[in-house]
Amino acid sequence: MPRAGLCSCWGGQVLPLLLAYICYLLLGATIFQLLEKQAEAQSRDQFQLEKLRFLENYTCLDQQALEQFVQVILEARVKGVNPKGNSTNPSNWDFGSSFFFAGTVVTTIGYGNLAPSTEAGQVFCVFYALMGIPLNVVFLNHLGTGLRAHLTTLDRWEDHPRHSQLLQVLGLALFLTLGTLVILIFPPMFFSHVEGWSFREGFYFAFITLSTIGFGDYVVGTDPSKHYIAVYRSLAAIWILLGLAWLAVVLSLGSLLLHRCSRLWLLIRGLDLKDGADPDSDPRPQKIPISA
């Protein structure tokens, strides 16, 4: 019965996953509340204290005037204008910054620190995202698949000598390690140096960016007190695209590396993967497709 099959699928697969999903969200909400609520209260109290001190130092202002000025600052911040500095600050919509923004749109990162404020810009952003997001997904999938295929073209890997298999596993591990350094270690170090962040903050920015979470609390090239090179944010956008492609490769090659390591361990110990087979009957390891 289709109805019985649907109920069985819901009870056997969907319901446990749904419960696990809800429990995971509840766990995250509880931990974030414990970690952040007190810090938020302290920041709020500190801000109110600073406003009182400001009014005490500038008696010509009243509470209402100060609140109006704070509202102006908040509105400017929403529109992407940094309240720090003056009118000579670099534009948020020069070509490099616009290229960076376009990259955050198609990759769905959306830091939230900058958004179109004109009606024409908002309409264009909608249609640009409708076309760009699928294009980005297709591009990253093809790039990741191509890199993975380039690294796994050894159709008869199991026929190679054991020392050759060991070299292949070590080469694959070295490739993943070097890629991790180039994508996840060196860029945070560079961003930390340029932006004046700690390495923890730089790595946090890199992870939040490449995971497409994009909180917007850390964004490169937004400090008005620093003089960035013209292509700085454009290079950051290119790094984002390469990093997303790298993550696609890592996700696909990670399981392959674990599979080959486990097979190599069994081969080194002289075990045969075939059930009931005598390890001494055939010295050549059994063939298992790479895609397994």
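The values are calculated or read from the model by the stated rules, or taken from the named source; none is laboratory data. Quantities reported herein were computed from a predicted structural model and do not represent experimental measurements. Cβ coordinates were reconstructed from backbone atoms using ideal geometry, including for glycine residues, and neighbour counts include every protein chain displayed. We work out accessible area using only protein heavy atoms, side chains counted, and drop any ligands, DNA or RNA first. Shrake-Rupley method; radii C 1.70, N 1.55, O 1.52, S 1.80 Å.
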Check your understanding: Right, PRO224: touching a residue at least 24 places away in the same chain (Cβ under 8 Å) and either farther than 19 Å from GLY103 by Cα or in contact with a Ser or Thr (Cβ under 7 Å, 6 or more places away or on another chain) (or both) or not?
Key -> yes
Exercise for review: Determine, yes or no, whether THR153 is at pLDDT 80 or above and either on the phi < 0 side of the Ramachandran plot or not acidic (Asp, Glu) (or both).
Suggested key: no
Practice item. State which residue is modelled with the lowest pLDDT when the search covers only the stretch 192-224 and only residues that are open to solvent by 10 Å² or more (accessible area, probe 1.4 Å) and aromatic (Phe, Trp, Tyr). Key: PHE215
**Study point:** Hits in the stretch 136-150 (condition: of a type outside the set (S, T, N, Q), at pLDDT 75 or above and surrounded by 11 or more Cβ atoms within 10 Å (Cβ to Cβ))
**Key:** VAL137, PHE139, LEU140, HIS142
Practice item. Consider only pairs whose beta carbons are under 6 Å apart and that are at least six residues apart or on different chains; among these, list those whose first residue lies in the stretch 55-79 and is within 30 Å of ASN92 (Cβ to Cβ) and whose second residue is among the small types (Gly, Ala, Ser). Key: LYS79/SER117
